[in-house]
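> Quick one: structure below, then a few questions.
The values are calculated or read from the model by the stated rules, or taken from the named source; none is laboratory data. Quantities reported herein were computed from a predicted structural model and do not represent experimental measurements. Because the Cβ atoms are built from the backbone with ideal geometry, glycine has one as well, and the counts that use them run over all protein chains shown. Please note that ligands, DNA and RNA were not included when accessible areas were found on the heavy atoms of the full protein model with its side chains. Shrake-Rupley method; radii C 1.70, N 1.55, O 1.52, S 1.80 Å.
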Amino acid sequence: TENVFAIRAEGDSMNKAYIQGKNIEDGDYVIVDASNRAPKKGDYVLSTIEGHANIKKFLFDEANNQIVLISESDKNYPPIFIHPEDNLLYIVNGKVVQVIKTPKND
């Protein structure tokens, strides 16, 4: 499919996220469907904030009219809140649909 691409994950902020039974660890590749840029609550997305890419769980807090990006990790990463008045350049690049595990050098 022409709207699907892979990107290499860096860091441990999503090591407790499971997509089709696989977690996302440093060095793994995630497959992103770029045609799906309107995420639903609970979707995993690749997005950019001011040009910095991130893979997070997408939520929308209707009460406060803001996007909430959640890390699912064994470390304590705070959520990222994006409110329209923040005037940040926020782009959803696509929905994460699969994880390709890479061998780990332990």
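> Name all residues of the range 44-74 having a backbone nitrogen under 19 Å from the label point set 7 Å from the Cα of SER35 along its Cα→Cβ direction, giving them as ranges.
Correct set: 44-46.
> Would you please give the residues with an amide H less than 5 Å from that of ALA9, counting only those at least 5 places away or on a separate chain, with H modeled from the backbone geometry?
GLY27, ASP28, TYR29, VAL30
> Give me the count of lysine pairs in the chain whose alpha carbons sit under 15 angstrom apart, restricted to pairs 8 or more positions apart or on different chains.
Count of close lysine pairs: 17.
> Per 0.36 nm of contour for each residue apart, how much would the distance between ASP74 and PHE60 grow if the chain were fully extended, relative to their Cα-Cα spacing? Don't skip to the end; give the middle numbers.
Values: separation 14, 0.36 × 14 = 5.04 nm, distance 2.29 nm.
Extra length from ASP74 to PHE60 when fully extended: 2.7 nm.
> For the chain, calculate the relative contact order in percent as a whole number, restricting contacts to Cα pairs under 8 Å that are 6 or more residues apart. Don't skip to the answer; put the middle values down first.
Numbers: 238 pairs, mean separation 34.8, N = 106.
Worked out over the chain, it gives 33 percent.
> Under a 1.4 Å probe, what is the accessible area of the range 1-61 per residue, stated in Å²?
Numbers: 3460 Å² over 61 residues.
The answer is 57 Å² per residue.
> Within the accessible area of the chain, what % is carbon and sulfur when the probe is 1.4 Å and the other protein chains stay in place?
On the way: 3170 of 6610 Å².
The value for the chain is 48 percent carbon and sulfur by accessible area.
> Hey, in the GNM for the chain with a 10 angstrom Cα cutoff, which one of LEU69, LEU89, LEU46 fluctuates hardest?
LEU89
> Another question, if that's okay. Using 0.36 nm per residue of separation minus the Cα-Cα distance, give me the extension gain between GLN98 and ASP26 in nm, one decimal. Could you put the intermediate results ahead of the total?
Working: separation 72, 0.36 × 72 = 25.92 nm, distance 1.49 nm.
Fully extending the segment from GLN98 to ASP26 adds 24.4 nm.
> Can you run phi through the Karplus equation (6.51, -1.76, 1.60; θ = phi - 60°) for the range 79-89 and list ³J(HN,Hα) in whole Hz, with x for Gly and Pro?
With the stated coefficients, the range 79-89 comes to x, 9, 9, 10, 10, x, 6, 5, 6, 8, 7 Hz.
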